[in-house]
Amino acid sequence: MIATVTLNPAVDQTVRTDRPLSPDEVIRVDDAQFDAGGKGINVSKYLTAMGAETVATGVVGGFLGRFVTERLAAEGIESRFVDIDGTTRLNSTVLATDGEYKLNQRGPTVSAAEIDAIAERLSSLAPETVVVAGSLPPGLDTDAIDRLAEAGPWETVVDVDGPLLADLDADYALCKPNAPELEAATGRTIEDRESAVDAAEELRATGFDRVLASLGADGAVLVTDDGAVHQPALDCEVVDTVGAGDALLSGVLAAVDAGADEAVALQTGVVAATAAVSTPGTNVPELPEPAPNGVEPV
Ligand SMILES: O=P(O)(O)OC[C@@]1(O)O[C@H](CO)[C@@H](O)[C@@H]1O
């Protein structure tokens, strides 16, 4: 079973307007989509859709926290969150004709005691894999992630900001930086897939068995002990990019969980990410079967 930990969940609000954003004007939008979000939660949503066993945990609070747990229950996603005093955040995406605007709140304060409570939840769930994903809320630093990684016999996967990746001390099974995060974690410049692989190798040497790097229009690479594989991006019309990284990571984890090799896992991830960018918000779209193998060694 794969448990996900979201230390800073969100209600994701997505609105669209058929004009550019401009200051000092009221811009009226026709409708708003609300999804239960936060990176770990999204991973649990995708894993469930892909048939992998998963439980979402982390912290929730207030009326927006209730929205998150109720929405997950309605979608058939198992969750075991720790309640906190503050209110879970509202993150907004505005899809306008001049671009995609994302406003993420910092979120409520979370304490070390609440990390202990999450570690207890994880111990009782006894997952094989724990995925810690998303930003750290006020009150926490990377020690919280290291503590969760070391609190049990599970392997731990992380999807956190680049500077945080560089600060982690425990051993991790996998991390999933995008290109700017890979640059921030290593101080290297990513110009192409070869430089991404070099940076990923450097990151692996600091305590990550595998590095899954998303490279936007250049697809993704998965770098492991067995070398590196690359999957080019697939053609699609991009509606919004929110949640694409979560879909990529989920596809890789679900495929590995089902016994697939690295190339098939990477391909499954890129297919899921392509479906994610083709749909607004962070609800899980219909996931197509992986296309013919486009994976190549780097
Ligand atoms: O502020 P963070 O924790 O870095 O990211 C949070 C977030 O933008 O990530 C998800 C998409 O990946 C959304 O569901 C959510 O709003």
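The values are calculated or read from the model by the stated rules, or taken from the named source; none is laboratory data. Just so it is clear, the model here is predicted, and its values are computed rather than measured. All Cβ positions, even for glycine, are placed from backbone atoms using ideal geometry, and neighbour counts span all protein chains on display. Calculation scope for accessible area: heavy atoms of the full protein, side chains included, ligands and nucleic acids excluded. Shrake-Rupley method; radii C 1.70, N 1.55, O 1.52, S 1.80 Å.
A few notes on this one:
- When we screen V270, V252, V242 for residues that are open to solvent by less than 50 Å² (accessible area, probe 1.4 Å) and either more than 27 Å from D167 (Cβ to Cβ) or in a strand (DSSP E or B) (or both), the only hit is V270.
- T129 over 19 Å from G61 (Cβ atoms), of a type in the set (S, T, N, Q), more than 16 Å from the ligand (Cβ to nearest atom) and crowded, with 21+ Cβ neighbours inside 10 Å: no
- Test: residue in the range 95-113 that is within 12 Å of V5 (Cβ to Cβ) and either open to solvent by less than 60 Å² (accessible area, probe 1.4 Å) or more than 15 Å from the ligand (Cβ to nearest atom) (or both): yes
- Search result, residues across the range 240-271 that are within 15 Å of the ligand (Cβ to nearest atom) and either touching a Ser or Thr at 6+ places or on another chain (Cβ under 6 Å) or acidic (D, E) (or both): D240, V242, G243, G245, D246, L248, G251
- Which listed residue, of E25, E53, is without any contact (Cβ under 8 Å) to a residue 24 or more places away in the chain and away from the ligand (no atom under 16 Å from the Cβ): E25
- Within the range 27-50, the set of residues being outside any helix (DSSP H, G or I) and of a type outside the set (D, E) comprises I27, R28, V29, A32, Q33, F34, A36, G37, G38, M50.
- Members of the range 12-51 found to be open to solvent by 60 Å² or more (accessible area, probe 1.4 Å) and of a type in the set (D, E, K, R), listed by number: R16, D18, R19, D24, E25, R28, D30, D31, K39
- Among the residues of the range 200-223, the ones that are assigned to a strand (DSSP E or B) and open to solvent by 30 Å² or more (accessible area, probe 1.4 Å) come to 2 in all.
- Being of a type in the set (V, I, T), more than 16 Å from the ligand (Cβ to nearest atom), at pLDDT 90 or above and in contact with an Asp or Glu (Cβ under 6 Å, 6 or more places away or on another chain) is a description that applies to T186.
- Residue in the range 224-239 that is farthest from the ligand (Cβ to nearest atom), counting only those that are of a type outside the set (D, E, K, R), in contact (Cβ under 8 Å) with a residue 40 or more places away in the chain and surrounded by fewer than 20 Cβ atoms within 10 Å (Cβ to Cβ): G227
- Qualifying residues in the range 28-42 (those that are more than 8 Å from the ligand (Cβ to nearest atom) and touching a strand residue (DSSP E or B) at 6+ places or on another chain (Cβ under 9 Å)) - the one nearest to V157 (Cα to Cα): G40
- Of the criteria (1) open to solvent by 60 Å² or more (accessible area, probe 1.4 Å); (2) in contact (Cβ under 8 Å) with a residue 12 or more places away in the chain; (3) more than 13 Å from the chain's Cα centre (by Cα), which one V68 fails: (1)
- Filtered by the rule that a residue be under 15 Å from G40 (Cβ atoms), within 12 Å of the ligand (Cβ to nearest atom) and in contact (Cβ under 8 Å) with a residue 60 or more places away in the chain, the range 157-183 gives D159, K176.
- Answer residue from the range 1-22, given it is within 22 Å of G134 (Cβ to Cβ) and more than 14 Å from the ligand (Cβ to nearest atom) and is farthest from the chain's Cα centre (by Cα) among those: M1
- Any hit, the range 109-119, residues being free of Cβ contacts under 8 Å to residues at least 60 places away in the same chain, in a loop (DSSP other than H, G, I, E, B) and over 14 Å from A56 (Cα atoms): yes
- You will find that of A275, A255, the residue that is of a type outside the set (S, T, N, Q) and closer than 23 Å to R16 by Cα is A275 and no other.
- Top-ranked residue of the range 132-141 - restricted to ones that are within 20 Å of L203 (Cβ to Cβ) and open to solvent by less than 10 Å² (accessible area, probe 1.4 Å), ranked as nearest to the ligand (Cβ to nearest atom): A133
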